[in-house]
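The structure under discussion appears below in the form of structure tokens.
The values are calculated or read from the model by the stated rules, or taken from the named source; none is laboratory data. This one's a predicted model, so the numbers in the text were calculated from it and none came from an experiment. Quick reminder, even Gly has a Cβ in these numbers, built from the backbone with ideal geometry, and neighbours come from all protein chains shown. Areas reflect the complete protein model, heavy atoms only, side chains present, ligands, DNA and RNA absent. Shrake-Rupley method; radii C 1.70, N 1.55, O 1.52, S 1.80 Å.
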Amino acid sequence: MALSRARLLYLGAVLVSGIAIGFLVRFNPEWQQLAVPPAAWPFAVSLMADLVVGQLAAQGRAGPLTMNDRFIAVIGAGLIVTLITAL
């Protein structure tokens, strides 16, 4: 199945946020001790992006996201955060 522009932007935004979060945490290691670990922060980014794409889908301007899209984006971003902070 071909990826729509909205789905590609969603995946890209969440994965890029994983890179940004990873570098922010790498330069501020005390953030790893917060109540919510940095590897879970992409969930918040995913939620915000999902709300935007959901509104566009409701208006008929974009296709809806699948659970596979969400899974790949959040797990991928979480792994990126973990790898950047571990290196």
Some residue of region 44-55 being surrounded by 15 or more Cβ atoms within 10 Å (Cβ to Cβ), closer than 24 Å to Asn28 by Cα, in contact (Cβ under 8 Å) with a residue 24 or more places away in the chain and out of contact with any Asp or Glu (no Cβ under 6 Å at 6 or more places or on another chain): yes
When residues of region 65-87 are limited to those that are part of a helix (DSSP H, G or I) and among the polar types (S, T, N, Q), the one farthest from Leu3 (Cα to Cα): Thr85
Some residue of region 57-64 being open to solvent by less than 100 Å² (accessible area, probe 1.4 Å), out of contact with any strand residue (DSSP E or B) (no Cβ under 9 Å at 6 or more places or on another chain), part of a helix (DSSP H, G or I) and not basic (Lys, Arg): yes
Residue tally, condition out of contact with any helix residue (DSSP H, G or I) (no Cβ under 8 Å at 6 or more places or on another chain) and not polar (S, T, N, Q), over region 48-60: 6
Inter-residue pairs, beta-carbon under 8 Å, first farther than 26 Å from Pro29 by Cα and at pLDDT 90 or above and in region 67-87, second part of a helix (DSSP H, G or I) and among the small types (Gly, Ala, Ser), 6+ apart: Arg70/Ser46
Filter result (touching a Ser or Thr at 6+ places or on another chain (Cβ under 9 Å) and either acidic (Asp, Glu) or closer than 12 Å to Gly78 by Cβ (or both)) within region 7-17: Val14, Ser17
Test: residue in region 21-40 that is outside any helix (DSSP H, G or I), within 15 Å of the chain's Cα centre (by Cα) and under 15 Å from Ile75 (Cβ atoms): yes
Flag for Leu15 being part of a helix (DSSP H, G or I) and open to solvent by 90 Å² or more (accessible area, probe 1.4 Å): no
